[in-house]
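Structure record follows, encoded as structure tokens.
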Amino acid sequence: MTARADIEAITDRIRERSKPTREAYLDRVAEAAGKTANRATLSCGNLAHGFAVCSPAEKAALAGDRVANLGIITSYNDMLSAHQPFETFPQLIKAAARDAGGIAQVAGGVPAMCDGVTQGMPGMELSLFSRDVIAMAAAIGLSHNMFDAAVYLGVCDKIVPGLLIAALTFGHLPAVFIPAGPMTSGIPNDEKAKVRQLYAEGKVGRAELLEAESKSYHGPGTCTFYGTANSNQMLMEIMGLHMPGASFVNPGTPLRDALTREATKRALAITALGNAYTPVGRMIDERSVVNGVVGLHATGGSTNHTIHLIAMAAAAGIRLTWQDISDLSDSVPLLARVYPNGLADVNHFHAAGGMGFLIRELLDAGLLHEDVQTVYGEGLRPYAVEAKLGANSAVARAPAPRESGDEKVLAPYSKAFQPTGGLRVLTGNLGHAVVKTSAVKPERRVIEAPAKVFDSQQALNDAFKAGELTGDFVAVVRFQGPKANGMPELHRLTTVLGVLQDRGQRVALVTDGRMSGASGKVPAAIHVTPEALEDGPIARIRDGDMVKLDADAGTLEVLVDARDFAMRHPADADLAANEFGFGRELFAGFRRMAGRADHGAAAFGG
């Protein structure tokens, strides 16, 4: 089944635009596969170092190039709930590889930081750049050229995008992504949000807030709201990099282990040593990328992926733009309501039919490219399934249910929550920006109000505590872009602005920073590009200027005489405090080299 004409047209546009870079990339993949992608190129000394700790049988197997060796790239640490389950995965993978006649080695580890821990803290200024560090760290692990395929153990915000950039850089190797799954459900997300607002208003104390947060984030696995981490898992499945049905199975369950064993065996089966060679650089193409964007819109996914998808696509020579993402939003309806777009969490989404139901509905509507290649084989239709535990602890699959288990959480195409996707690109005399509309009520998607300008998140919070944020206004928080301070998430503003909105004020946010997958009920024009530090128009806004954010029309404008506005001198900001402490001094080069948000905000090529 082919995709609908409007989806095909956007895909063709991306394909045509990408021809020079994509062809050059595929040439590099072919050259790597033909000349350097096997252990036979290593000298005896090289090889001896590479298998020094292996058993005699493994050394004998690795001495030639007839037994597949699987490289494990892991983001394990035991501070992050999402990544703690990976502690046991390498041994499970090694045992599964032996059973399949192959070998597996941990090729390397990558850092994994938690935005939930660093929100509002200096460490958040390293967050976006950690994606690029992860890509480079994975590249170091794979640079030993000991491997015929790789499996990637990662879940959260910057980890999966960084791992996929690395996988595509080593595009001649097959790549399978293995998730750990979400934690079991804690207190409802709306209850947690209510306590946060009461704390911001001074109506409850820190003890009550910590108790609520601890009941929400309470065990191994990803946070259960639909932020960047769970958007990552959706993307990896709908792009064909997971095993079908793998994304949202809880950690520490027999099915989770069975899916990990199956992924290991499949990674070994698709190396160049067999008959199903599937190098990830050829597998992921323009159709796969479009499928990812469609999934993002259909689920109301994380705004961070308007940056990450562009960077990931660029790693494969594919030139995706914000306009492509915006145009796809016009064609794709919203089929899922998961917090912050609704009250349910990802466990409820999975129980209602999950990825299998979603993929089937989108395929049947012609909104996905079915004729793609995946790690599971040809075509996306095999992903329209539900994974279960079968005989002998193996994975069994059944067709996804024909009806949603809860249409308030996961709707069929015929009963979509809204006709367009959850993300929209804004344009106007302030440049380009992104807004997440899926959690914003329709009556709040247009606001025209005077600006209140701040050069930091803290300055706005201080104004709130001082009672200065009265009346309707648009909060402009600038000097938060990649070059200024690493483009931190400004998630702490969500609660403050939400309190003001609940009091009856009409408020919105305009910023060159990020707001993450947890962007909520307040309209927020984020990722404003060009950023303030690059003399973007946002640097010329003054207190009292009328600003209009129209998420329906897709516009963002300051209502000031164009000539007068152009003659204004851009504001300056003292960013010295952002340059040192918590490792920020080590990232000065990243800040200098960072690209624009609408180009992926990468500190290296692309």
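Semi-axes of the equivalent ellipsoid for the stretch 195-308, computed as √(5λ) from the eigenvalues of its C-alpha gyration tensor and ordered from largest down, come to 37, 20, 9 Å. Of Val434, Val195, Pro244, which is farthest on the positive side of the dipole of the chain, counting Cα position, with +1 on Lys and Arg Cβ, -1 on Asp and Glu Cβ, and the Cα centre as origin? It is Pro244, whose Cα lies furthest towards the positive end.
In percent, what relative contact order does the stretch 226-333 have, based on Cα pairs under 8 Å that are 6 or more apart in sequence?
Averaging sequence separation for qualifying contacts and normalising by length gives 30 percent for the stretch 226-333.
Volume per residue of the convex hull around the Cα atoms, evaluated for the stretch 423-577, comes out as 100 Å³.
Regarding the stretch 1-65, what's the average projected area of the Cα-atom convex hull, expressed in nm²?
7.9
With Cβ to Cβ distances under 14 Å as the rule, what net charge do the other residues near Arg445 carry (K, R +1; D, E -1)? My count for the surroundings of Arg445 gives +3. Placing unit charges on the Cβ atoms of the charged side chains and taking the dipole of the stretch 423-577 about its Cα centre, the candidate lying farthest along the positive direction among Leu469, Leu575, Met546 is Leu469. Under the criterion of Cα pairs below 8 Å and six or more residues apart, the relative contact order for the stretch 22-142 equals 21 percent. Extent of the chain along its three principal axes (Cα atoms, max minus min coordinate, largest first): 74, 53, 50 Å.
Peptides 453-464, 584-595, 17-28, 303-314 ranked from most to least packed by the mean count of surrounding Cβ atoms within 10 Å: 303-314, 453-464, 584-595, 17-28. Using C-alpha pairs below 8 Å separated by at least 6 residues, the relative contact order for the chain is 15 percent.
Is it possible to state the helix-based mean residue ellipticity at 222 nm for the chain, with each DSSP H run of 4+ residues giving -39500 (n - 2.57), the sum divided by total residues, to the nearest 500 deg cm²/dmol? What is it?
The helix contribution divided over the chain gives -11000 deg cm²/dmol.
Could you compute the net charge surrounding Gly292? Neighbours are other residues with a C-beta less than 12 Å from the C-beta of Gly292; K and R count +1, D and E count -1.
Around Gly292, the surrounding residues sum to -3.
Here the stretch 423-577 is assigned +1 on the Cβ of each Lys and Arg and -1 on the Cβ of each Asp and Glu. Its dipole about the Cα centre then comes out at about 500 debye. Scoring 82-88, 528-534 by mean Cβ neighbours within 10 Å over their residues and listing the highest first yields 528-534, 82-88.
Note on Ile359, Ile318, Ile538: ascending count of other Cβ atoms within 10 Å places them as Ile318, Ile359, Ile538, the fewest first. Put a plus charge on the Cβ of each Lys and Arg, a minus charge on the Cβ of each Asp and Glu, and nothing anywhere else: the dipole of the chain about its Cα centre is then about 860 debye.
Computed over every Cα-Cα pair of the stretch 302-356 and binned at 10 Å starting from 0, the pair-distance distribution P(r) comes out as 19, 36, 35, 9 percent.
With the biggest extent put first, the Cα atoms of the stretch 336-401 measure 35, 34, 19 Å across the principal axes.
A short reminder: the numbers here are calculations on the coordinates, not readings from a lab. Note that the coordinates shown come from a computational prediction; the quantities given were computed from them, not determined experimentally. Please note: Cβ atoms are built from the backbone with ideal geometry, for glycine as well, and neighbour counts cover all protein chains shown.
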